[in-house]
Amino acid sequence: MTTAGDVARTMRLYAVDMGGMLARMATVDAARLPSTATADGLAEIAATCTRALERAGIRLEVIGRERVPREGGIVFMWNQESHLDHLVLPVAIPRPFFSIYNNAIARFPFYGRHMKRSGHVHVDRTDEAQWRASVARAAERVERGECVLVSPEGTRSRGGELLPMKRGAFILAEQSKRPIVCVTVVGGHERLPRGSAIVRGGPMRVVLSEPIATPDKDLVVRTFERLKTAACF
């Protein structure tokens, strides 16, 4: 149930945090903006996101950071729960990463331009030649030791369930020859369901899995389901 407190906190979140972020993207040179692809940038963004989550009344718990290898490329795959994922993931993931982002993000005012200029990789699912080339470039970076964040579902579900996974994320993992770490978000759908603009304060949890050595799609699905079930409140 949405309360008056939820509405008030959400309005402050949009006005102070979201408005401030977009204003910086609109007015500050891209080279001076922090990026999750660098250690200093990730630390700054994580601090900003932590304050935003607290302002929204979200109590975040992260489990399994110690499972993430400290060196070598990693394919972080996450289950899309809500728009709150964009605040939660920089706080939860312990290593710098670049993201794979879709057309909706690319079109978002200021944010899409910032993503392009700060080293993240756009994929257009309607253009197979484009997305295959983008996935190949991302895989090369991961093979060289970078970390990438990708959603194998491609979008959020309306009921919070795990959607069928698309092939691009697994092609990336296969081409990079690097392990997958599942980043399972729990509680995001309850806090901000698809179609709602009001954040409902409460708990969220992120669980990071042990590395999965091969791009086994069935194993990734089972890992997400197991971690989501085990991590339910």
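Please work out if A104 is surrounded by fewer than 18 Cβ atoms within 10 Å (Cβ to Cβ), closer than 20 Å to H83 by Cβ and either within 16 Å of the chain's Cα centre (by Cα) or among the β-branched types (V, I, T) (or both). Spelling it out, A104 is indeed surrounded by fewer than 18 Cβ atoms within 10 Å (Cβ to Cβ), closer than 20 Å to H83 by Cβ and either within 16 Å of the chain's Cα centre (by Cα) or among the β-branched types (V, I, T) (or both). Could you please give the count of residues in segment 70-93 that are of a type outside the set (K, R), surrounded by fewer than 17 Cβ atoms within 10 Å (Cβ to Cβ) and either without any contact (Cβ under 8 Å) to a residue 60 or more places away in the chain or closer than 18 Å to R125 by Cα (or both)? Here the count works out to 1. Select from segment 123-165 the residues that are at pLDDT below 95 and in contact with a Ser or Thr (Cβ under 7 Å, 6 or more places away or on another chain) and write down the one among them that is surrounded by the fewest Cβ atoms within 10 Å (Cβ to Cβ). Applying the filter and picking the extreme gives L163. If you go through segment 44-69 and pick out every residue that is surrounded by fewer than 16 Cβ atoms within 10 Å (Cβ to Cβ), among the small types (G, A, S) and closer than 18 Å to L208 by Cβ, you end up with 0. The set of residues in segment 103-124 that are in contact with a Gly (Cβ under 7 Å, 6 or more places away or on another chain) and either closer than 20 Å to M18 by Cα or not aliphatic (A, V, I, L, M) (or both) comprises I105, A106.
Selection over segment 198-217 of residues that are modelled with pLDDT of 90 or more and either farther than 14 Å from V181 by Cα or assigned to a loop (DSSP other than H, G, I, E, B) (or both) gives a count of 12.
Conditions tested, residue by residue: (1) within 22 Å of V75 (Cα to Cα); (2) among the acidic types (D, E); (3) loosely packed, with under 13 Cβ neighbours inside 10 Å.
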site: M1; (1), (2), (3): no, no, yes
site: A4; (1), (2), (3): no, no, yes
site: A15; (1), (2), (3): no, no, yes
site: M18; (1), (2), (3): no, no, no
site: R24; (1), (2), (3): no, no, no
site: D29; (1), (2), (3): no, yes, yes
site: T36; (1), (2), (3): yes, no, no
site: L42; (1), (2), (3): yes, no, no
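Looking for whichever is modelled with pLDDT under 85, touching a helix residue (DSSP H, G or I) at 6+ places or on another chain (Cβ under 9 Å) and within 26 Å of R141 (Cα to Cα) here; the options are A30, A46. Which one fits? The unique qualifying residue is A30.
On inspection, A37 does not qualify as assigned to a helix (DSSP H, G or I) and either more than 30 Å from A138 (Cα to Cα) or among the aliphatic types (A, V, I, L, M) (or both). Scanning segment 90-140 for residues that are touching a strand residue (DSSP E or B) at 6+ places or on another chain (Cβ under 7 Å), outside any loop (DSSP other than H, G, I, E, B) and of a type outside the set (F, W, Y) yields V91, A92, S99, I100, A106, M115, K116, V121, H122, S134, R137, A138.
Residues in segment 145-163 include none that are closer than 21 Å to A37 by Cα, aliphatic (A, V, I, L, M) and assigned to a helix (DSSP H, G or I).
The values are calculated or read from the model by the stated rules, or taken from the named source; none is laboratory data. A quick note: this is a predicted structure, and the numbers were derived from the prediction, not measured. Cβ sites come from the backbone with ideal geometry, for glycine too, and all protein chains shown count toward neighbours.
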